[in-house]
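Asks: Got a structure for you, written out below as structure tokens; questions coming shortly.
Read-outs throughout are calculated quantities, based only on the coordinates presented, and are distinct from any laboratory measurement. Remember, predicted model here, so these are calculated numbers, not experimental data. Ideal geometry is used to build each Cβ from the backbone, glycine not excepted, and the neighbour counts take in all protein chains shown.
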Amino acid sequence: MTAIVVALTPEFADWECALLMAVARSYLGVTVKTATGDGGPVTSMGGLNVTPDLSFAQVAPEDFDAVVVPGGLAWENKAVPEGLHDLVRSFRQHGKMAAGICAAASMLAGTGVLNAVQHTGNRLGSHQQYPDYAGSDLYVDGPKAVLSNGVVTAAGTAPFTFTVEVLKGLGLWDATAEDELLPFAAEHR
């Protein structure tokens, strides 16, 4: 069975991961767990209080198929939990998916995992603020999420295509996923 862990930070953008979590868990039978830096509760930008299943240190890439990181205010507030970069790198070292949206896409840039894959985000300048980022030539400037070699990135304005690309990357894009998700894109047609 497919399993994903959603790495939450203080003031995470709850809408950026909610659609993925709901469809994956409720319609596709995916195990969805949440983790925070210390395993303690966090509050989202929208005021949602979440008690996670795990701490970052308790997450073993062997037990999951993907780590998903929503954006939020942690980067602006300099409140990113220790261990997040190492968690993402460990997933990639094990050949597992890493997905980041909004500020978390730039966090992926900071881990170095975007240096050899096509990717996107809020803007290239956000990625370039990280010293370990050397993937400017592979940056895709567009409104939709990008899946490349097990890495999914998206601007904060693309939670729908972020969800779709994560599911595609995990081999879960099927008739059920389409039925549940495509109505969410109808207003943008």
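Asks: Testing CYS102 on (1) surrounded by 20 or more Cβ atoms within 10 Å (Cβ to Cβ); (2) touching a strand residue (DSSP E or B) at 6+ places or on another chain (Cβ under 7 Å), one condition comes back false. Which one is that?
Replies: (2)
Asks: Answer yes if at least one residue in region 115-135 is part of a loop (DSSP other than H, G, I, E, B) and in contact (Cβ under 8 Å) with a residue 60 or more places away in the chain, and no otherwise.
Replies: Pass one, region 115-135, residues part of a loop (DSSP other than H, G, I, E, B): 115-118, 120-123, 129-135.
Subsequent filtering for residues that are in contact (Cβ under 8 Å) with a residue 60 or more places away in the chain retains none.
Taking every residue of region 115-135 in turn, none turns out to be part of a loop (DSSP other than H, G, I, E, B) and in contact (Cβ under 8 Å) with a residue 60 or more places away in the chain.
Asks: Determine whether LEU19 is surrounded by 15 or more Cβ atoms within 10 Å (Cβ to Cβ) and under 21 Å from VAL152 (Cβ atoms).
Replies: yes
Asks: Go through region 63-102 and count every residue that is under 19 Å from PRO52 (Cβ atoms) and outside any loop (DSSP other than H, G, I, E, B).
Replies: Total satisfying the criteria: 17.
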